1. Each label point is 7 Å from the Cα along the Cα-to-Cβ direction; what then is the distance between the points at residue 87 and residue 312, in nm?
2. Once Rh is set to the Kirkwood radius over Cα pairs, what Stokes-Einstein translational diffusion coefficient, in µm²/s, holds for the stretch 108-175 at a temperature of 37 °C and a viscosity of 0.692 mPa s?
3. Just subtract the alpha-carbon distance of residue 341 and residue 249 from 0.36 nm times their residue separation and send over the number in nm, one decimal.
4. Using packing as a proxy for protection, rank 200-210, 349-359 so that the peptide with the highest average count of other Cβ atoms within 10 Å comes first.
5. Using Cα centres only, tell me the gap between the stretch 249-269 and the stretch 101-173 in whole Å.
6. Using a simple spin-label model with points 7 Å from Cα along the Cα→Cβ vector, what separation in nm is obtained for residue 55 and residue 431?
7. Compare the peptides 175-184, 307-316 by average per-residue count of other Cβ atoms within 10 angstrom and give them in order, highest first.
8. Can you give the extra length, in nm with one decimal, that the chain gains between residue 469 and residue 377 once fully stretched, where that is 0.36 nm per residue apart less the Cα-Cα distance?
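Bear in mind that the values in this text are calculations on the coordinates, not laboratory data. In this text the structure is predicted, and so the values were computed from the model without any measurement. Cβ placement follows ideal geometry from the backbone for every residue including glycine, while neighbour counts extend to all protein chains displayed.
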């Protein structure tokens with residue numbers, strides 16, 4: 001049972017504060033004449049004239065409160081407010097995404113949808129919450145109460161009213177309230193030497209589900225971005241959040257009241273959007289294939305969510321529906337990859353292979369590896385598997401770790417060699433050569449290449465472009481071919497010193513040196529019966 005809120009009045013007015021007042025120093029805005037920053041206005045305007053609120057008297061002084069009631073039929077962001085209480089409790093999926101499973105056991109009618117406006121962006125003891133908005137479902141409507149701090153010394157009364165309000169509810173709904181709003185409220189209660197109700201209550205912080213559901217589609221998951229991109233809400237007459245503290249300080253210093261109307265509107269729209277976003281997220285997770293999840297990228301995001309929850313069939317359907325729509329190329333590749341792995345795990349090998357062949361055409365190393373696994377373990381076609389691994393080794397930008405790293409690919413290739421037995425791997429085949437251009441096993445290269453028994457190494461660079469050095473043949477030595485065919489260029493300008501030939505001989509490698517056109521022909525001949533490599537200069 002929470003501690004009853006009884007403010008400590010033993011130090012109502014600190015001696016230092018009393019001394020300031022005796023000297024004529026004004027604290028806060030109550031009683032302060034309007035002093036505009038520009039030309040002096042003809043008459044001052046009261047807060048009640050600008051905002052339709054009232055002063056509520058408490059045992060600890062007055063507090064200004066604005067109360068706005070909305071019918072449940074009221075629609076914001078495409079959702080009538082009645083949707084949430086009609087659903088009773090949030091779906092467990094929404095609770096999972098927010099990281100608080102207790103949320104799934106709560107009723108929407110017992111929630112406080114809250115947002116605060118503060119004097120800055122920190123959460124320390126010097127940070128005040130000068131406006132606290134609480135939205136709750138009550139009887140036949142939604143009631144929004146905005147508690148406003150007209151003066152710092154009225155905070156005790158504001159906290160008293162917040163405490164009274166919290167007594168009738170059991171959990172929170174916010175946007176980034178876990179990291180910002182709630183810690184500030186707790187800090188204000190702590191500074192007042194009081195215990196805050198609902199400090200440990202269940203909390204649905206929508207920032208976390210929003211990131212999982214819409215981050216793939218939107219550049220930002222700020223509330224304003226979600227309003228525009230998800231709810232279709234365009235604010236009119238609103239004030240940007242970064243300006244709110246400055247407007248409050250202008251009110252305190254100069255009695256500037258008119259801009260506060262925008263601040264109250266800003267806070268109210270934040271809370272209404274919070275209700276609509278909760279309804280949207282909950283609807284998408286309840287029925288991932290309903291009208292609320294109509295965007296292709298949102299369907300992809302839902303697929304990832306359900307995959308993380310272990311609901312593979314739902315995830316598979318989400319990916320399939322997303323791919324039926326128009327996805328950006330990079331998202332399409334990600335969706336294809338994830339879907340192929342789900343097919344693989346569920347025994348739908350033919351569907352997975354079809355996707356891998358599609359990704360193979362885009363030179364995706366993972367597709368080569370998955371196809372190699374399929375041909376090795378499912379089809380027992382070791383030669384095709386080895387060819388795929390060799391082709392993967394020739395790709396650029398292989399990962400440093402995992403199945404697609406050069407180290408892992410070489411290990412896989414070594415294992416396949418053993419399975420192939422005495423015959424070894426099928427050698428790469430040169431299909432055509434012309435000045436600066438060579439085609440090997442259906443793939444064309446326009447830079448010098450090394451052809452090794454386990455595949456092609458494109459982009460072969462040398463210490464000196466037209467002179468061969470021992471250091472240029474490190475990979476050849478490691479591959480241990482029986483013979484190396486050296487192509488010296490279209491007209492034979494690349495020099496091959498005798499010491500290089502002697503170096504190869506010391507490693508048991510016979511060398512044959514020809515102009516590149518003849519070297520290509522000779523390589524294909526030798527590859528029929530020997531373990532051969534080629535070092536080919538394609539130009540001059």
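1. My value for the distance between the label points is 2.8 nm.
2. Details: Rh = 12.9 Å.
Rounded, D is 255 µm²/s.
3. Values: separation 92, 0.36 × 92 = 33.12 nm, distance 5.65 nm.
Taking residue 341 through residue 249 to full extension adds about 27.5 nm, to one decimal.
4. 200-210, 349-359
5. For the stretch 249-269 versus the stretch 101-173, the Cα centre distance is 18 Å.
6. 8.8
7. 175-184, 307-316
8. 28.9 nm
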